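The values are calculated or read from the model by the stated rules, or taken from the named source; none is laboratory data. Everything numeric here is computed off the predicted structure, so don't read it as measured data. Heads up, the Cβs are rebuilt from the backbone with ideal geometry, glycines too, and the neighbour counts pull from every protein chain shown. The accessibility values were calculated without ligands, DNA or RNA, using every heavy atom of the protein model including side chains. Shrake-Rupley method; radii C 1.70, N 1.55, O 1.52, S 1.80 Å.
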Amino acid sequence: MYGKFDKNKYKKIVRQNHLSQKEIADRLTNDYLIETKIDAVKTWTRSENRNPPSLDRLNALADMCNCSIQDFFSDAEKKREQIVQEELSANPQRYSNSALESFLLSIPNGEKLKSMIETFLNLTDEQQEALLDEAKDMMLENLKFS
């Protein structure tokens, strides 16, 4: 998923920060608003661990422990870029929408542009295609007069 999550590194970091499994579950749920059951936290240290913490949980754990999420991986340096790319590929909407929204809200008339994009995306494929063709024709017509 994000490379090789190292349960031993995770346990060492948690131990150094004097965090119990219950405290981790409680803090993730209450402080970071990431619903987490204690049973999930317990699985992160099992040898057959097939479900390492999600990226949002890793970010919160890193914040709790004042470290980097890379510190939870045995091959961190080698995998750093791959971790980011895999997360972006797995959840493109999660990041592209927030990045797009942030960008749109930072420019003049961004709220209006955001509304126009949302309206466009609610059109059928045929309606979108027709609108794009019309816009292209208008652009070509304007270029003739330039």
Taking the options Lys78, Lys37, name whichever one is open to solvent by 80 Å² or more (accessible area, probe 1.4 Å), of a type outside the set (Asp, Glu) and modelled with pLDDT under 90. Lys78
What are the residue pairs meeting all of these: first residue in region 26-48, first residue touching a residue at least 24 places away in the same chain (Cβ under 8 Å), second residue open to solvent by 60 Å² or more (accessible area, probe 1.4 Å), Cβ atoms under 7 Å, and 6 or more apart or on different chains? Thr45/Lys11
Residues of region 86-129 satisfying the condition of being within 18 Å of Ser54 (Cα to Cα), at pLDDT below 70 and not aromatic (Phe, Trp, Tyr): Glu87, Leu88, Asn91, Pro92, Gln93, Arg94
Hits in region 40-74 - residues which are exposed (fewer than 13 other Cβ atoms within 10 Å of the Cβ) and farther than 14 Å from Phe5 by Cβ: Asn66
Answer yes or no: is there a residue in region 6-17 that is more than 16 Å from Cys67 (Cβ to Cβ), assigned to a loop (DSSP other than H, G, I, E, B) and among the charged types (D, E, K, R). no
